[in-house]
Amino acid sequence: MARKPVAWTGAILLFLEALGIAFVNWVLGRVADNQHMSLAGIDPKAISVGAWIMGGLTGIYLVLCGVVLLRMALRDRAPGLPGRILLITCAVVHGVLGALTVGLVGWQAFAFMMLVLGMIVFSLLMYDRENGAPAGPADEAPPAPPASPAPAANGGPSPA
């Protein structure tokens, strides 16, 4: 089935994206520091450190999402609730950033964001409860339906 290769590919793309985001923010921080850029009187050092921290945190977030996808591919099982929530937030972020990149960066960046979004959503949909997820309370047998009332003695409809 195609779900393992998609999860592998999604994990690799998220790892590459994490490196790219961290690198771009590192470059932005260096440029802001070297040019002594300031915005509305903010200290130039604060701008560069802020760019570095943002790049690092975003990179860590994307690596965590990639680890969840990689674990899905290795174990061939759906992630638990925290992993699902992490991947859903990652998909939402990629959808919003994809919409922004069309105007700011271009169609190639949009296509990349939509590719990663598709990999995440496909992985979430393909690894559902029937396909190897651990059984939970919702997977137990449903309760037996109530017994139907006995028919009326005269052959008419039974009372409701």
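No value in this document is a laboratory result; all are computed from the given coordinates. Fair warning: this is a prediction, and the values are worked out from it, not measured in the lab. Ideal geometry is used to build each Cβ from the backbone, glycine not excepted, and the neighbour counts take in all protein chains shown.
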- Which ordering of Ser48, Ser123 is given by a fewest-first count of other beta-carbon atoms within 10 Å? Ser48, Ser123
- Task: Can you give me the P(r) profile for region 11-89? Cα pairs, bins 10 angstrom wide beginning at 0, each as a whole percent.
- Result: 20, 35, 22, 16, 6, 0
- region 51-125: relative contact order in percent, alpha carbon pairs under 8 Å with at least 6 residues between: 28
- Message: For region 1-132, what are Rg and Dmax over the alpha carbons, in angstrom?
- Response: 17.0, 57
